[in-house]
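Have a look at the structure below before the remarks.
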Amino acid sequence: MSEHKQKKWNLDPAPPEDQASAPAAPEFIDPPTSGDELSKLLAEKQELMNTLVRRQADFENYRKRVEKERHADRHRGVESLIEHVLPVLDAFDRALAASDDPAYANYRKGFELIRKQLWETLSKQGLVRVDSVGQEFNPHMHHAIERVETTEHPDGTVIGEMQPGYIFHEKVLRPAMVRVASAPEPHSASASKRDN
């Protein structure tokens, strides 16, 4: 009877189809038996670790380079848009400077508000107006349109601005068009005395 119960309560391992889905038992590698084998394995391990560290450093450098390029592409896109909007800002400035008629006071206030909003939006993106009048002429920031001989200002000083210049993220987007003071030439002063 005990044999019958044993057959009824089959304690055999799972059927073969269940065994196929079970993970395979790990194979154990025999430990190295000699010092040469051990030093060879340690050298191989160190080489793999060095390769891994180099790959991680290469990936980190790649990630930083891609991020920098994305940032530069974004700036180029914003810069291009701002270059196209600057004439609109100039038109607002000219319109506001042209008329002081009290009949247009309400329109003027509206234009001033729109111009202010436009400027605030552009300045938040990194646009800065070049401060020109009273500054020394800088060929990187200014474009000289006219030289004015005068003794009232030092030679090379910007005395008037015809069109403002702008800087975008430390890059000159558009130089200011300016009038520059120049010292009178000595021969022109003597020539004018001769004419009198």
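Read-outs throughout are calculated quantities, based only on the coordinates presented, and are distinct from any laboratory measurement. Fair warning: this is a prediction, and the values are worked out from it, not measured in the lab. Every residue, glycine as well, gets a Cβ built from its backbone with ideal geometry; the counts of neighbours run over all protein chains shown.
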So, R0 is 30 Å and r is the distance between the beta-carbons of F111 and E79; what FRET efficiency does that work out to, to 0.05?
0.70
Quick one: which of 171-179, 43-51 comes out on top by average Cβ neighbours within 10 Å, and what's the full order, highest first?
171-179, 43-51
Extension gain (nm, one decimal) between R147 and V133, 0.36 nm per residue minus Cα-Cα
3.7 nm
How big is Rg to Rh over region 55-125, alpha-carbon atoms, Rh as the Kirkwood inverse-mean-distance radius?
1.35
Residues whose built amide H sits under 5 Å from the amide H of Q163, excluding neighbours closer than 5 in sequence, are M177
Fewest to most neighbouring Cβ within 10 Å: what's the order for M162, M141?
M162, M141
Determine the principal axes of the Cα atoms in region 127-184, then give the extent along each, sorted from largest to smallest and rounded to whole angstroms.
37, 15, 14
Dmax and Rg, reported as Rg then Dmax, of region 55-196 (C-alpha, Å):
22.2, 84
If you line up the Cα atoms of region 87-127 on their principal axes, what length do they span on each, largest first, in Å?
36, 16, 10
For the pair Q46 and A72, the simple spin-label estimate (label points 7 Å beyond Cα toward Cβ) gives in nm 3.9
